[in-house]
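This report refers to the structure that appears directly beneath it.
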Amino acid sequence: MDGISDLLEPYSETIGKIAGTITTLQFLSGIALLNDIRKKQSSDVYPVEPFLGGIVLTVLSVKLGQVMGDQPMMKVNIIGFAINTVFMVGFYYYASGERKTQIWAKIGYVSLFLMSCIAYANFEDPKQVEFRLGMIITGILVWLVGSPLLNIPNVIKNKSTEGMPFPIIFAGQLVVTAWMFYAFSIRNHVMVWQNLLIFVLGGIQLSMFVLYPNTPVKKQPPSGKKSSKKNN
């Protein structure tokens, strides 16, 4: 690990800028979903968690960047927070009345969680905060990135990756790779292991696209029906 850090350390600033640019572009991947919501004039069929999760992650990452004194991390996540907030407003606008009530409840829970984390970070020892806040961010990222893994048994059963969002998964893998290199360059072991774990989860999902097509496999008719046709 030290060998990789020695190799990348002189280029840490450049790597940070590249990682920030890729992450900003990845934040914009929600435009396609928001456009689909606009066409349908309803967001009720979509989960709100990815947008709320994006807001939580960017707020906590800004705080972590502040604790670490990491300007690239702070800048890219401030931009990410603004983008996710715009998406959240659009999602809420196209929600039905009953759904809006549910969204407000979830916003309340998220706000309490964020206020608790920030209050803790303001009073705790910065060295402890860097590790613990990093672990919280890792847990949220693992949940967001790893949740599609629950669908892998169906992918294997149907021998098809239909329904798996390849562009989002691939873009996420590029982001994780960039930040993992940046973590190596600044010798932040917490960030290295955080991004390495997420890289592995994303790699498992991408491997499904190598093994199976993105189109549904045609189901063969039952053997009984075949035999009945022959008898006729």
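Points to keep in mind about this one:
- Residue check for V200: modelled with pLDDT of 85 or more and either buried (at least 19 other Cβ atoms within 10 Å of the Cβ) or in contact with a Lys or Arg (Cβ under 6 Å, 6 or more places away or on another chain) (or both): no
- Listed by position, the helices (runs of 4 or more DSSP H) contained in segment 15-128 that have at least 3 residues being among the hydroxyl-bearing types (S, T, Y) and surrounded by 15 or more Cβ atoms within 10 Å (Cβ to Cβ) form an empty set.
- Single match in K63, K75, K106, K100 (criterion: free of Cβ contacts under 8 Å to residues at least 60 places away in the same chain, among the basic types (K, R) and under 22 Å from S12 (Cα atoms)): K75
- Residue within segment 179-191 that is modelled with pLDDT of 70 or more and among the β-branched types (V, I, T) present: yes
The values are calculated or read from the model by the stated rules, or taken from the named source; none is laboratory data. Only a predicted model underlies this, so the values are computations on that prediction, with no experimental measurement involved. Positions of Cβ are backbone-derived with ideal geometry, glycine not excepted, and every protein chain shown enters the neighbour counts.
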